[in-house]
Every structure is written in C-alpha cells, then in structure tokens.
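What follows is a short report on a single structure.
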Amino acid sequence: MELRHLRLIKILAEEGGITKSLERLYLTQSAVSHQLKDIEERIGTKVFHRGKNQWKLTEEGTVLYATAVKVLTEVDTAVATIQEMRNGHQGTIRLSIECYTTYHWLPSFMRKMQILYPRLDIQIIMEATHKPLPKLLDKTLDLAITSDPIEDKNLHYTELFTDEVKAVVSRVHPWAKKKYISHGDFVGQKLIIHSYPLESVTVYRHFLQQYDQELPEITAVPLTEATLEIVKAGMGITCMPEWALKPFSLSSDICFVKIGKKGLSRTHFAAIRTEDKSKKHLLDFIENLKEEMTQ
C-alpha cells in the first residue's frame, strides 16, 4: 500500500465520504472510486460502509485509518524537518581559489549545488585569487581554497585533497627522459606561469625559492591553452598537476615529469573564518566540495 492510499483513506474518513473529500484530494470522483476499489481488492475487505449521506469505517478500515494517521503524521514531520534543514542552506558564499588553472571544475559543481540548494547564492570573486586568505579575513570572501594555509586563530581549515605538481614538457625536451628533475635543471629554462606574483606560484614557493641559485626565465601566459601550445612546440616548460589539464585536449606531444626526488605534493584546504564554523550552509558546501574533488 502506498502513501497516497493511506492519505485517501484518512481524508475520506474525516470528510465522511467522497463529495466533501474531492477538494482536499485534488481528484475526480471517478478517480477516488477507482483508487478505493483498488485498495479494497488489495487487502481483500471493505474499508467503508457506504451510506447515502455518510460513510463509516469498517472494523478493518478503522485499523487502516489509525495506521494512516500515524504514518502520515510521521512523514509530514520528517518533510517539515528536512525543509527546516534546507532552510539552513540559504545564504551567500563568496569564494576564491588561489590558482586560476583550477577554476575549470567550478561551473559544473555550482550547477550541482544550485539544484541541491536552490537558496544558496554562490559568487566567485576572481580578483581575490592571489590573496584569498587576507580577503577572507577582511570579509571580502566567505570561503577560500588554498594550498598555503597560514597560522591564524581567526581561520579554520578543512582538508580537501592532496595532489602533485609536475613539470609539463614536450616529448622532445631533454627532461622527458628523466625520472625526476632537480632544482639545478631549471637554470636556463623558460618557465611559463599563469600570472604573477611569483610567490603565488607553487613550483617557486615550495621548490625553487629554497635554493640560492639563478632562476629560470619566467614568462606569464594567462591562457592554459596557449601555454600548452608553447610547451608542445618545445619553447618552454610549465608546472601543474595532471588533473588540472583534464579539460584540455592533451596529445602525445607532452609528458609529465616529477619535480624533485620525492615529488612536489601539496594539500588543498577550504578556509573559512573561525567565527563562521557553525554556519550550516558553509559546512555543507565544504563537505560537498570535498566529495567533488576526491571523485
């Protein structure tokens, strides 16, 4: 027996027949009669004694009515509770990611979130890309995704995922035959980054900066497609994780090489202000984000 059947029995019993029940059931008289007949055939007994002016529950119908009241009350309570929970998902989330090349997954994720939480307003603040944590602290942002957390009691971090940044080179580049590259290999190379400042570039901040040596020639190219074409032509190298290039048409003309003997790994975090730790719409957004990024 379905919920609609229980609801029909409950309303018919409360209204004392079909005529007064039609408005609450949003059904025609024939549809109600058909459904009631179907119920009685399923259980093998009558539910109502049908009088001319008043319908009364049979003994079996009384059992079904009591069950309908109990079940439907619990269902309605559950629906109301869920609605209250969904209301906790309303609000605005202004977010930024510290690296432009990782923005490609956001549109599909935002579409998913709009379906799940239609009252959630998600805004991408591109101008905060290079300084997401300061912008989070000054309340320009509500959430920042970073791989460079700072110690600050006013910030709360949730680990999202770990990836590895690799050198991306042409198949004919000398690095293509190496198991890994060392810091000295960068000298004399043309390194293509997405944008300045240099301190926001992972390979510089977590690898090259620690060595007292000549830096490679550095050029900023804001378009990943253009960077890949330059790399394929053997006119430079770039550094980024493999997953960040999935949206682009990669060919056998390029390959990925480990940076350093142990590799250049980084952990990404979702950062919010500590004062916002109890905001349900932020916490659930982060949980969905973590699930999205680890698929």
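The values are calculated or read from the model by the stated rules, or taken from the named source; none is laboratory data. Bear in mind the structure is a predicted one, so any value in this text is a computation, not a measurement. Using ideal geometry, Cβ is built from the backbone for each residue, glycine included, and neighbour counts are taken over all protein chains shown.
Within the range 16-128, considering only strands (runs of 3 or more DSSP E) that don't extend past its boundaries, which have at least 2 residues that are surrounded by 16 or more Cβ atoms within 10 Å (Cβ to Cβ) and under 18 Å from the mean Cα position of the chain (by Cα)? So the answer is 91-97, 120-124. The single condition among (1) surrounded by fewer than 20 Cβ atoms within 10 Å (Cβ to Cβ); (2) within 18 Å of Ser200 (Cα to Cα); (3) in the same structural domain as Ile237 (by TED's automatic domain parsing) that Asp148 does not satisfy is (3). Summed over the range 199-231, the residues that are part of a helix (DSSP H, G or I) and either free of Cβ contacts under 8 Å to residues at least 40 places away in the same chain or within 21 Å of His130 (Cα to Cα) (or both) give a count of 15. The set of residues in the range 244-263 that are surrounded by fewer than 15 Cβ atoms within 10 Å (Cβ to Cβ), out of contact with any helix residue (DSSP H, G or I) (no Cβ under 9 Å at 6 or more places or on another chain) and in contact (Cβ under 8 Å) with a residue 60 or more places away in the chain comprises Ser252, Lys261, Gly263. Within the range 129-152, if we keep just the residues that are among the β-branched types (Val, Ile, Thr) and part of a loop (DSSP other than H, G, I, E, B), the residue that is nearest to Ala271 (Cα to Cα) turns out to be Ile150.
Only one entry in Lys246, Lys258 is outside the structural domain of Tyr103 (by TED's automatic domain parsing), closer than 25 Å to Glu292 by Cβ and of a type in the set (Lys, Arg), namely Lys246. Restricting the range 264-295 to residues that are outside any helix (DSSP H, G or I) and without any contact (Cβ under 8 Å) to a residue 24 or more places away in the chain leaves a set whose member that is surrounded by the most Cβ atoms within 10 Å (Cβ to Cβ) is Ser278. Scanning the range 178-193 for residues that are surrounded by fewer than 19 Cβ atoms within 10 Å (Cβ to Cβ) and either over 17 Å from Lys166 (Cα atoms) or touching a residue at least 24 places away in the same chain (Cβ under 8 Å) (or both) yields Lys178, Lys179, Tyr180, Ser182, His183, Gly184, Val187, Gly188, Lys190. In summary, Gly236 fulfils each of the numbered conditions (1) at pLDDT 95 or above; (2) over 22 Å from Ile97 (Cβ atoms); (3) within 33 Å of the chain's Cα centre (by Cα); (4) not acidic (Asp, Glu) with the single exception of condition (3).
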